[in-house]
1. Sort out for me the helices (runs of 4 or more DSSP H) sitting completely within the stretch 20-76 that have 3 or more residues that are of a type in the set (Gly, Ala, Ser) and closer than 15 Å to LEU107 by Cβ.
2. Could you tell me whether the stretch 95-102 includes any residue that is outside any helix (DSSP H, G or I), farther than 24 Å from GLU114 by Cβ, polar (S, T, N, Q) and over 15 Å from the mean Cα position of the chain (by Cα)?
3. Which of the residues belonging to the stretch 23-43 are of a type in the set (D, E, K, R) and either surrounded by fewer than 12 Cβ atoms within 10 Å (Cβ to Cβ) or touching a Ser or Thr at 6+ places or on another chain (Cβ under 9 Å) (or both)?
4. Among the listed residues LYS20, LYS46, identify the single one that is under 17 Å from GLY148 (Cα atoms), surrounded by fewer than 18 Cβ atoms within 10 Å (Cβ to Cβ) and at pLDDT 95 or above.
5. If the requirement is being acidic (Asp, Glu), surrounded by 14 or more Cβ atoms within 10 Å (Cβ to Cβ) and out of contact with any helix residue (DSSP H, G or I) (no Cβ under 6 Å at 6 or more places or on another chain), which of these qualifies: ASP125, ASP154?
6. Looking at the stretch 105-114, can you tell me whether even one residue there is surrounded by fewer than 17 Cβ atoms within 10 Å (Cβ to Cβ) and without any contact (Cβ under 8 Å) to a residue 60 or more places away in the chain?
7. Among the numbered criteria (1) surrounded by 16 or more Cβ atoms within 10 Å (Cβ to Cβ); (2) within 28 Å of GLY39 (Cβ to Cβ); (3) of a type in the set (S, T, N, Q); (4) touching a helix residue (DSSP H, G or I) at 6+ places or on another chain (Cβ under 6 Å), which single criterion is violated by ASN82?
8. So for the stretch 28-42 (the condition being among the basic types (Lys, Arg) and more than 24 Å from ILE135 (Cβ to Cβ)), does at least one residue qualify?
Amino acid sequence: MDFYKVIQTRRSIRKYLPKKIDDEILNSVLNAARIAPSGSNRQPWKFIIVSDATTKKKLAELSDDQDFIAEAPVVVVACGFNIHYNRGSYMGDYSMLVDVAIAVDHLTLAARNEGLGTCWIGSFDNDGIKRLLGIPDDVQVVALIPLGYPADPDAFKPVSGRKKLQEIISWEKF
C-alpha cells in the first residue's frame, strides 16, 4: 500500500472481528516496532503479546473498562525501561517514553498496511497491569494496542478534522 495512504487512513479502531491474525502478518507488524529508531539505538522496550481471553478482559478492566480492548484478537502491551540516559535538557528519564512511542507508531502504521486496526490506549492502571503481567518494578507500561481486523468494512476512511498545515508550522522562528 502507498505509504501516504497508510498514514491518511490509519484510524483508532474500537470494534474488531473475532478473526485470528496470521502469524506471518503479526510477526511483520511486530518487526516494524523492533526496527524503529531509538536514542543511541538503546531500544528500551519490550512488547508483551496477549491473546488469552481472560487476560485481555482484565486488561480492558484495568484500562477504565474500555471493553473493546478485549474484543481484539491480540493486545500488545508496550513497555519501556528507564535507561537513565540524559538525552539532553529536561528529557532525561522521559527519553524512554519517546523511544517506545516511536516503536508503537511504527507498529500501528504497519498494522494499517496489513489491513489491521489498532487503537493507542494511554488510559490504564500501570501498577495493576504490571501485577497482572509480571512486569518488573523498573519497567513501565507505556501503551496498550489492541490489534485486529476492524468489524466495520468502512473503518479506514481518510483522516478528517485536522488543523491546516499553515496552523501547525512556522518557518525559522516560532
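1. Because the criterion is at least 3 residues that are of a type in the set (Gly, Ala, Ser) and closer than 15 Å to LEU107 by Cβ, the helices (runs of 4 or more DSSP H) in the stretch 20-76 that meet it are 23-34.
2. no
3. ASP23, GLU24, ARG42 - these are the residues of the stretch 23-43 that are of a type in the set (D, E, K, R) and either surrounded by fewer than 12 Cβ atoms within 10 Å (Cβ to Cβ) or touching a Ser or Thr at 6+ places or on another chain (Cβ under 9 Å) (or both).
4. LYS20
5. ASP125
6. No, that holds for no residue.
7. (1)
8. no
The values are calculated or read from the model by the stated rules, or taken from the named source; none is laboratory data. Just so it is clear, the model here is predicted, and its values are computed rather than measured. Neighbour counts are summed over all protein chains in view; Cβ atoms, including those assigned to glycine, are modelled from backbone coordinates with ideal geometry.
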